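To start, the structure under review is shown below, and the notes come after it.
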Amino acid sequence: MNNLIKAVLTSDEALALKEIIHTLSTSDKQYFLKNEILHAFVNYCNQFQKPSHFYHSSSIGKLIQYTHELILDDSHYWFLLRPWLGSQEVWRVSADLTTSEQMSPKALLEVRDRLVHRYQTQILEIDVGPFYKTSPSISDPRSIGQGLPFLNRYLCNEVLADSQYWLDVLFDVLHRHQYDGIPLLINDRIRSGAQLSYRVKQAIKLINQRSPNEPYAAFHASFQELGFEPGWGNTAARVRETLELLKRLIEDPEPAILEAFVSRIPAVFRVVLVSIHGWVGQESVVGRPETTGQVVYVLEQARSLENKLQEELKLAGLDFLGIQPQVIILTRLIPDCEGTLCNQRLEAIEGTKNAWILRIPFQDFNPTVTQRWMSKFEIWPYLEYFALDAERELLTRLGGKPNLIIGNYSDGNLVAFLLARRLKATQCNIAHSLEKPKYLFSNLYWQDLEEQYHFSAQFTADLISMNAADFIITSSYQEIVGSPDSFGQYESYKSFTMPQLYHVIDGIDLFSPKFNRIPPGVNEAVFFPYTQTERRNAGDRNRIHDLLLMQEDPNIWGHLDDVDRRPIFAIGSTHVSKNLSGLVECFGRSKALQERCNLILVTTQLHSQDALNAEEAGELEKLHALIHEYQLDGHIRWLGMPLPNNDLAEAYRVIGDRNGIFVHFARFESFGRVVLEAMVSGLPTFATQFGGVSEIIQEGENGFLINPTDLEETAQKILDFLDECETDGDRWQTISTRAIQRVHEEYNWTIHTNKLLLLSKLYSFWNYINQDSRAALSRYLEALFFLLYKPRAATVLEEHMRR
């Protein structure tokens, strides 16, 4: 960046930079973000009639593209630059544009504090950077989120450097493998790595004498004498394959061989999925609007995990020992359950043999608060005690310690951290959505927002849990490091200030192999293409058809003048970020869309008095106002009722029957479960270009990306597609077929679960090698928990006690 900045300052382009900064400064602001900076540059280019290459290829054009923040103070201009994804540089330029120098992140944090008049000379600094220096690191930003293949290659390279060390590590890992004190894989008859290598060859000779289909039980005794215990396979053929993999791993290690061998090792028997604040149940209680997606995700993941573990342990031959997998969704018990089962301690998960929802109540500091559902922003004082109570319940229910604990969202990840450190289990984090980047300047103005959101506790919890996790699963690459135009959710924790509380100098290593992009799937037993008529119930189809298009109900607004118009379908919560009001306004402004289409909305509420909070009530009122303003009666149907999954799935298919389209108009979407549901149902889908959806949809191939801030452009894009469908009779069907294929091939729970279990095994193996470095980081994070998190949570509890 040094050469680029000098190229601007020492040329005529410095005048352009001065003019752009002057234009920005006239707004009486000092802090500017990328979109404002770009807008000022575009206006400058237009005003002075600059050619297109000046905007794209000039030095100042490149500098502006790299600039994500600009702060103006009395004597300097501060630039936050991103030379490439996952990398940030701070540069200070003198106000006369004659000198520049690179500054530390700490210096920028101090400038930000001064900007909001909350600077103090001494402040706690958090820096986790030194703890990652001894760990392997990804060098290519394009490989961020691909921790599994990177770690495989790294471990194999370690073998090539010291084969004897690798052999000893393999021996140690296999030798300590057990289930509740029962030895698995190898026993004390094998006492070293060298002996393991020799005995593997003996075992292969022995197994070659057996019929391929001979069950493990038939040769267990002979195997045990050689030093081998159950876990290699359920038949002679399966055992031979696993031993051959180990032999190849010892003699000529390769990443593919390591992955294949580790995937076969039975190392995960008990799994806990932590999802605290959701209204966690099945069918009728799959979360509140703010948590529905998370609860559906966790339920489907639990089913898939339990089914996969049943298959794995059977193939490993562990039914010989009667070992059965167990999966538990850990959540809170809500005494005031509003007629649901959320006050029931244990609930079996449908479609599984050994999976349950286990609910633990919050301790009753103030029953008027803890007996009821509470917002995700209020939950922090109860998590430590919840984790202690849950530990006792889990050990009793599972009959032993879990091997893998998966946290969900900020609160679930913190509980996963507390449980994993006490139970010595592998910890996995899944954020779903981090709040910090969703609320602009939420860290900078945290004191002003504290009473409503308690961000000081939440952001501290995020820092602790994301660094404590053995591995992190994200649904998209952008969730980690964003795009060239925007920061990723995790990247927003790299360096930030909480004025008068602490400075984060380095909050997370984005290049750590702990990050893994593993998108979720869709429950294809429920959500399937509209063309699979043999799987559909005619009665349900007619019922949902009438519900969407004609039926009258107190919770349905609007009638359709012409039910044969092509339907535009949208579903979502009435949270402001989902931007359903933006879609209604887009539709209302376009007479052409109204002439050719009907708009059908499905939300959980219809009236503002039913909203859960003021923000949601405001969005509902705005929707009604827009419908009235644009006189959309006759063109819109709005269902304000929660639909069970089976009915929702049929709703997608009914829209497909009528060659409709699906629109997801969110301002930002970290992933987009509803996008997958619509696509697998066969609906051509138009979805926000901001966030992880851009990794699902391939523009013009299997769907379309839209800018929800540009209503005219979005309406025109939909109209262009409708025109294409009229001129090419196969266009709608082509996009529909490709959308279905995209989900089937890339977004399914089988792929997700296979990779998740492989990650758990491999990172457990890696942590055994890297335990010294992990121990130091763990102590640092525990200090943050006791010195920072607990006092912040205590202030929330004080508020609750006054209610």
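The values are calculated or read from the model by the stated rules, or taken from the named source; none is laboratory data. Because the structure is a prediction, the values reported are computed rather than measured. Please note: Cβ atoms are built from the backbone with ideal geometry, for glycine as well, and neighbour counts cover all protein chains shown. The area values use the complete protein model at the heavy-atom level, side chains included, leaving out ligands, DNA and RNA. Shrake-Rupley method; radii C 1.70, N 1.55, O 1.52, S 1.80 Å.
Annotations for the structure displayed:
- Wholly within the stretch 577-696, strands (runs of 3 or more DSSP E) carrying at least 3 residues that are aliphatic (A, V, I, L, M) and in contact (Cβ under 8 Å) with a residue 12 or more places away in the chain: 597-603
Listed here are the residues, each with its yes/no results for (1) closer than 26 Å to THR603 by Cβ; (2) in contact (Cβ under 8 Å) with a residue 60 or more places away in the chain; (3) of a type in the set (Val, Ile, Thr); (4) open to solvent by 30 Å² or more (accessible area, probe 1.4 Å).
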residue: VAL271; (1), (2), (3), (4): no, yes, yes, no
residue: VAL274; (1), (2), (3), (4): no, yes, yes, no
residue: VAL280; (1), (2), (3), (4): yes, yes, yes, no
residue: LEU305; (1), (2), (3), (4): no, yes, no, no
residue: LYS308; (1), (2), (3), (4): no, yes, no, yes
residue: PRO325; (1), (2), (3), (4): no, no, no, no
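- Annotation: of all residues in the stretch 656-675 being out of contact with any Ser or Thr (no Cβ under 8 Å at 6 or more places or on another chain) and at pLDDT 95 or above, the one that is nearest to PHE528 (Cα to Cα) is ASP657.
- Restricted to helices (runs of 4 or more DSSP H) entirely inside the stretch 713-803, those with at least 3 residues that are closer than 30 Å to ARG372 by Cβ are 790-801.
- Of the candidates PHE496, PHE527, PHE515, PHE511, the single residue that is among the aromatic types (Phe, Trp, Tyr), in contact with an Asp or Glu (Cβ under 6 Å, 6 or more places away or on another chain) and in contact (Cβ under 8 Å) with a residue 12 or more places away in the chain is PHE527.
- Residues that are of a type outside the set (Gly, Ala, Ser), in a loop (DSSP other than H, G, I, E, B) and surrounded by 12 or more Cβ atoms within 10 Å (Cβ to Cβ) within the stretch 540-568 comprise MET550, GLN551, ASN555, HIS559, VAL563, ARG565, listed in sequence order.
- Unmet criterion (only one of (1) open to solvent by 10 Å² or more (accessible area, probe 1.4 Å); (2) aliphatic (A, V, I, L, M); (3) under 20 Å from the mean Cα position of the chain (by Cα)) for LEU719: (3)
- Scanning the stretch 614-652 for residues that are open to solvent by less than 60 Å² (accessible area, probe 1.4 Å) and small (Gly, Ala, Ser), we see that the one that is farthest from the chain's Cα centre (by Cα) is GLY634.
- Condition check for GLU782: of a type in the set (Asp, Glu) and under 28 Å from ASP509 (Cα atoms): yes
- Condition met for ILE349 (in contact with an Asp or Glu (Cβ under 7 Å, 6 or more places away or on another chain) and open to solvent by less than 10 Å² (accessible area, probe 1.4 Å)): no
- Scanning the stretch 403-453 for residues that are under 18 Å from the mean Cα position of the chain (by Cα), open to solvent by 10 Å² or more (accessible area, probe 1.4 Å) and of a type in the set (S, T, N, Q) yields a total of 1.
- ASN157 fulfils the conditions (1) open to solvent by less than 60 Å² (accessible area, probe 1.4 Å); (2) at pLDDT below 95 except for a single criterion, (1).
- The stretch 445-459 residues that are free of Cβ contacts under 8 Å to residues at least 12 places away in the same chain, paired with ones that are open to solvent by less than 20 Å² (accessible area, probe 1.4 Å) and not in a helix (DSSP H, G or I) (beta carbon under 7 Å, 6 or more apart): LEU449/SER442
- Count of the stretch 26-43 residues which are among the small types (Gly, Ala, Ser) and open to solvent by less than 50 Å² (accessible area, probe 1.4 Å): 1
- Residue selected from the stretch 355-382 under the condition in contact with an Asp or Glu (Cβ under 6 Å, 6 or more places away or on another chain) and of a type outside the set (Lys, Arg), by the criterion most open to solvent (accessible area, probe 1.4 Å): GLN371
- Taken as a whole, the condition of being more than 27 Å from the chain's Cα centre (by Cα), at pLDDT 95 or above and either more than 25 Å from ALA678 (Cα to Cα) or of a type outside the set (Phe, Trp, Tyr) (or both) does not apply to HIS607.
- Restricting the stretch 113-140 to residues that are open to solvent by less than 20 Å² (accessible area, probe 1.4 Å) and assigned to a helix (DSSP H, G or I), the residue that is farthest from GLN447 (Cα to Cα): GLY129
Matching residues to (1) at pLDDT 90 or above; (2) farther than 29 Å from GLY227 by Cβ:
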{"site": "THR134", "(1), (2)": "no, yes"}
{"site": "ILE138", "(1), (2)": "yes, yes"}
{"site": "ILE144", "(1), (2)": "yes, yes"}
{"site": "PHE171", "(1), (2)": "yes, no"}
{"site": "LEU174", "(1), (2)": "yes, no"}
{"site": "GLN178", "(1), (2)": "yes, no"}
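- Count of residues meeting criterion [within 25 Å of ASP728 (Cα to Cα), surrounded by 24 or more Cβ atoms within 10 Å (Cβ to Cβ) and not β-branched (Val, Ile, Thr)] in the stretch 661-698: 10
- Output for the stretch 74-95, where each listed residue is over 28 Å from ILE144 (Cα atoms), hydroxyl-bearing (Ser, Thr, Tyr) and open to solvent by less than 30 Å² (accessible area, probe 1.4 Å): SER94
- Some residue of the stretch 763-779 being at pLDDT 95 or above and surrounded by 14 or more Cβ atoms within 10 Å (Cβ to Cβ): no
- When the stretch 615-653 is filtered for residues that are of a type in the set (A, V, I, L, M, F, W, C) and within 22 Å of GLY293 (Cβ to Cβ), the ones remaining, listed by number, are ALA617, LEU620, LEU623, TRP638, LEU639, MET641, LEU643, LEU648, ALA649, ALA651.
- Selection count, the stretch 179-217, where residues are touching a residue at least 40 places away in the same chain (Cβ under 8 Å) and either assigned to a loop (DSSP other than H, G, I, E, B) or polar (S, T, N, Q) (or both): 5
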